[in-house]
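Student: Sharing a structure here in structure tokens format.
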Amino acid sequence: MRDVPAGRMLGDASYSIYLWHTLALSVTLKVADRLHLHTGVALVLHVAAGVTLGLVAYHAIEKPVLLFFRRPKYRHGAPVPGGV
């Protein structure tokens, strides 16, 4: 199976997208209503905002936290400098 970078990125960030899409939807619903956007345009706006906010949260929050907790704390029985 081919590795598609955009698909991998969306897969890696899927939990952040899931968590943050409701905030994006809430904001874009208000914006779409105030601007009297057509339903199709509003739907594209909702999806784009949800995915974008989720990707930003993944790269700014989730990925650094995961890397912090996955770093080695010990190497061959000796503590790693900066390890907790």
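Student: How long are the semi-axes of the equivalent ellipsoid of the stretch 5-79, taking √(5λ) for every eigenvalue λ of the Cα gyration tensor, in whole Å from largest down? Kindly include the intermediate steps, with their values, before the conclusion.
Tutor: Working: eigenvalues 277, 27, 8 Å².
Over the Cα atoms of the stretch 5-79, the ellipsoid semi-axes are 37, 12, 6 Å.
Student: If you don't mind, another one. Be a star and scan the stretch 39-58 for residues whose amide nitrogen sits under 18 Å from the point 7 Å along the Cα-to-Cβ vector of L19.
Tutor: Zone members listed by number: 50-58.
Since every read-out is calculated from the coordinates, none of them should be taken as a lab result. Here the structure is a predicted model, which means the values were calculated and not measured. Using ideal geometry, Cβ is built from the backbone for each residue, glycine included, and neighbour counts are taken over all protein chains shown.
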